[in-house]
Amino acid sequence: MKPQVRKGVKQRRYNTVMEIQKEISKNRLARFLGRTAKVIVEGKEGASMVGRILTQAPDIDGIAFIKGDCVIGEIRDGKIVKNARL
């Protein structure tokens, strides 16, 4: 559609919005620290088992690194002790 905003302007606007969103995400994720949540074990990444909190969407939200013995497909309680995005 015309008229178009210049590419440089679009990029600056995008960067501004992403910086604001980054701070919003940081604050929202921080409220989970120390809490216990249900985690579904989805696989292995390196030496760690990984999964996601049941409220997270696959391929969109972050992943959970799981300590301890577990089996893929298992749903278990996990304590959130660190957030890599903070």
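The values are calculated or read from the model by the stated rules, or taken from the named source; none is laboratory data. Everything numeric here is computed off the predicted structure, so don't read it as measured data. Cβ atoms come from the backbone with ideal geometry, glycine included; neighbour counts cover every protein chain shown. The accessibility values were calculated without ligands, DNA or RNA, using every heavy atom of the protein model including side chains. Shrake-Rupley method; radii C 1.70, N 1.55, O 1.52, S 1.80 Å.
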So which residue, out of Val39, Val71, Val50, gets the largest mean-square fluctuation from a GNM of the chain using Cα contacts under 10 Å as springs? Val71
Based on the Kirkwood radius over alpha-carbon pairs, what value in µm²/s does the Stokes-Einstein equation return for the translational diffusion coefficient of the range 47-86 at 4 °C and 1.567 mPa s? 116 µm²/s
For the chain, take the longest principal axis of its alpha carbons; what is the angle in degrees between that and the long axis of helix 7-30, to the nearest 10 within 0 to 90? 30 degrees
Which of Ser25, Ile80, Ile66 sits farthest toward the positive end of the charge dipole of the chain, with +1 on the Cβ of Lys and Arg and -1 on the Cβ of Asp and Glu? Ser25
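Which sequence of Leu54, Leu29 reflects their accessible areas, 1.4 Å probe, from the largest down?
Details: Leu54 85, Leu29 50 Å².
So the residues, ranked largest to smallest area, are Leu54, Leu29.
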Under a plain spin-label model, where a point goes 7 Å from the Cα along Cα-to-Cβ, how far apart in nm are Met18 and Ala30? 2.2 nm
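State, as an integer percentage, the relative contact order of the range 1-59 based on alpha-carbon contacts under 8 Å between residues 6 or more apart.
It rounds to 19 percent for the range 1-59.
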If the only charges are +1 at each Lys and Arg Cβ and -1 at each Asp and Glu Cβ, what is the size of the charge dipole of the chain around the Cα centre, to the nearest 20 debye? 720 debye
Sparsely packed trypsin sites (Lys or Arg not before Pro) within the chain, loop by DSSP, other Cβ within 10 Å at most 13: Arg6, Arg31, Arg35, Lys67, Lys82, Arg85
All other residues with a Cβ under 12 Å from the Cβ of Arg6 taken together, and with Lys, Arg as +1 and Asp, Glu as -1, what is their net charge? +4
Radius of gyration and Dmax over the Cα atoms of the chain, both given in Å: 17.8, 58
